[in-house]
Each structure stands twice: as structure tokens, then as C-alpha cells.
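The values are calculated or read from the model by the stated rules, or taken from the named source; none is laboratory data. Because the structure is a prediction, the values reported are computed rather than measured. Cβ sites come from the backbone with ideal geometry, for glycine too, and all protein chains shown count toward neighbours. Protein only, heavy atoms only, side chains kept; ligands, DNA and RNA dropped before computing areas. Shrake-Rupley method; radii C 1.70, N 1.55, O 1.52, S 1.80 Å.
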Amino acid sequence: MDKKQKALGLFSSHFNCSQSVFAAFAADYGLEEEAALKTACAFGAGMARTQGICGAVTGAYMVLGLRHGKYLAEDETGKELTYEKAREFAAAFSRMHGSTICRDLIGVDISTPEGLLHARDTGLFEKRCAVCVRDAVTLLEEMD
């Protein structure tokens, strides 16, 4: 199964956008799927449904951290490379979708019970968020 299929399968199985993106890549970096899903859980819907940075974007940032991140105190090169790659990812995602902010991307305030119900009833997550998950995975696969 390719990573896009994996991420979309997780998303359609009621995992959030961040979990779906992050877990699709976790095994590549020696991280168990359960640990990836738990780690990314609070990042969905723009950070715990506060609609800040899109969860697909934060999931991608975590993948970039696994790929390039600093793990030694003196490794400023790893830190700077990770930040550079995250900015590169954000710029590409913004070109595709016009923003990296959840609220802007879906156009509904899901922090309220009414907004959340509206998003669920109209299939907004399946229509809009699944595209963001797919595109986040695509961008990560295209990056080195």
C-alpha cells in the first residue's frame, strides 16, 4: 500500500488529519504505528480542534522532524535544515490551498458544536480535509 492510500485509509477510519499523515510515514523511521497515532492525536483540526495550523501540515512537520531533525544538542545544522524544509513544505501547501490555517481551509468554525455538526453533516471533512491529507503526503514524497 502506498503512503497516500495508507493516509487516506487512516483518515477514512476516523483518525484525524495529523495522525493520518504522520502515521503513513512512521514505519520508515522506526516508529510504531500506535506511537505515531498517539503522538499526533492532539494536532488534528488545527491543534485540538482550535483550527490553527492544519493538522495535515503539522503531521507533515513531524515527518520532516523524523527525516531531518536535531537529536544531538550540538546539531544546529539538523535544526536549521528541519526549519528550512518545514518552511518549504508550508509554502508549497499554501500555493496549493491558499493557506495552512485550518479555519481558512475549511471555512467553518468547528470549535463550536454547531459548526462541528455542520461540517460532519455536509461531509466537509471527507471533501476538504481528505484532499489536504492527500496533498500533504504527496508533497512529503516529493521532498528530499
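With the cut-off at 22 Å, tell me which of the pairs LYS3/LYS79; LYS38/LYS127; LYS6/LYS70; LYS4/LYS38; LYS3/LYS127 have Cα atoms farther apart than that.
LYS3/LYS79; LYS38/LYS127; LYS6/LYS70
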- Message: Kirkwood hydrodynamic radius, computed over distinct alpha-carbon pairs, for the stretch 1-121: how many Å, to one decimal?
- Response: 15.0 Å
- Using alpha-carbon coordinates, inclination of helix 130-142 to the longest axis of the chain, degrees: 20 degrees
- FRET efficiency estimate (nearest 0.05) - Cβ-Cβ, THR50 to MET143, R0 35 angstrom: 0.85
- Query: Taking a 1.4 Å probe, which of HIS118, HIS14 shows the most accessible area, and what order do the others take after it?
  - Reply: HIS14, HIS118
- Query: Points 7 angstrom from Cα along the Cβ direction at THR122 and ILE101: gap in nanometres?
  - Reply: 1.9 nm
- Item | Selection from THR138, CYS17, PHE89, by position along the positive dipole direction of the stretch 2-144 (Cβ) | CYS17
- Message: To test your reading of the geometry: what angle, between 0 and 90 degrees and rounded to tens, separates the Cα axis of helix 55-68 from the longest principal axis of the chain?
- Response: 10 degrees
- Hey, what angle do you get for helix 3-12 against the long axis of the chain, alpha-carbon based, 0 to 90 degrees rounded to 10? 40 degrees
- Query: To the nearest 20 debye, what is the magnitude of the charge dipole of the chain about its Cα centre, counting +1 on the Cβ of each Lys and Arg and -1 on the Cβ of each Asp and Glu?
  - Reply: 380 debye
- Note on the structure: For the GLU32, ASP2 Cβ pair and Förster radius 22 Å, calculated FRET efficiency rounded to 0.05 is 0.65
- The simple spin-label model distance between LEU72 and CYS41, using points 7 Å out along Cα→Cβ, in nm, is 3.5 nm
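Over the stretch 57-108, average the accessible area per residue using a 1.4 Å probe and give it in Å², no decimals.
Value returned for the stretch 57-108: 54 Å² of accessible area per residue.
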- Query: With charges only on Cβ, +1 for K and R and -1 for D and E, what is the dipole size of the stretch 70-144 about its Cα centre, in debye, rounded to 20?
  - Reply: 320 debye
- Tally up the carbon and sulfur contribution to the accessible surface of the stretch 1-137 as a whole percent, 1.4 Å probe, everything protein left in place. 56 percent
- Query: Which FRET efficiency, nearest 0.05, do SER12 and SER94 yield, Cβ-Cβ r, R0 22 Å?
  - Reply: 0.30
